[in-house]
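The values are calculated or read from the model by the stated rules, or taken from the named source; none is laboratory data. Everything quoted here is computed from the prediction, not taken from an experiment. Note that we place each Cβ from the backbone using ideal geometry, even for glycine, and neighbour counts take in every protein chain shown.
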């Protein structure tokens, strides 16, 4: 009888242990699903009414808040497939961003924006030309965007090329559009070469300022819209190292 009792106890303990292990495993497997359910997935897109209700200041603040989320790794979870379907009938972006071609500058991610939220114009060195001005006029005057944001960035190869006066095919003519920023930067106190990160940053910031100046000088449409408070023109220097923005006045 004693041996039978011991055997029964051992079997019972083994079953309890297995049940507890199975429960723990099940809880671990279920954890990602529970976490996913707790995370709100955004699938809506900007509507015409929502766009009309925005102010330029509100859009800029939205950009700043989005960049903070990007820096902290807490960006919005979005269903891009659903957003693509919903945005197909029309688009009502809140802003237009002029950015460099650089692959390390993911524009939508930098501001934590979704599909259909922003127009993006990209060219090496984020300079302004007739094509980009026309695109900005379309974005703001026709499509209703409230903000023009010019974004330069750290370690910009186009800016370095302009500093070094690189001559190569069509790159020569492209870099000529950045040269005014190099000329604006001759008051820099340190070493004025592409090997100086500080000088490259200084030229990049002046390049943003120059682009903003060109927008106002070469587009009466956008200048008037800004003066009326219908849009805002802003610019910043983007740090590749931590994803932060340094606003350019």
For region 177-184, state whether one or more residues are crowded, with 21+ Cβ neighbours inside 10 Å, under 24 Å from the mean Cα position of the chain (by Cα), part of a strand (DSSP E or B) and in the same structural domain as residue 230 (by TED's automatic domain parsing).
no
If I filter region 137-162 down to residues being free of Cβ contacts under 8 Å to residues at least 60 places away in the same chain and crowded, with 24+ Cβ neighbours inside 10 Å, which single residue comes out as farthest from the chain's Cα centre (by Cα)?
162
Matching residues in region 205-233 - criterion: being outside any helix (DSSP H, G or I) and crowded, with 20+ Cβ neighbours inside 10 Å
219, 231, 233
Among the numbered criteria (1) within 28 Å of residue 73 (Cα to Cα); (2) not in a helix (DSSP H, G or I), which single criterion is violated by residue 192?
(1)
Test residue 128 against the stated conditions and say whether it is assigned by TED's automatic domain parsing to the domain that holds residue 152 and under 17 Å from the mean Cα position of the chain (by Cα).
no
Could you check, for region 187-204, whether at least one of its residues is at pLDDT 95 or above, more than 30 Å from residue 143 (Cα to Cα), surrounded by 11 or more Cβ atoms within 10 Å (Cβ to Cβ) and in contact with a strand residue (DSSP E or B) (Cβ under 8 Å, 6 or more places away or on another chain)?
yes
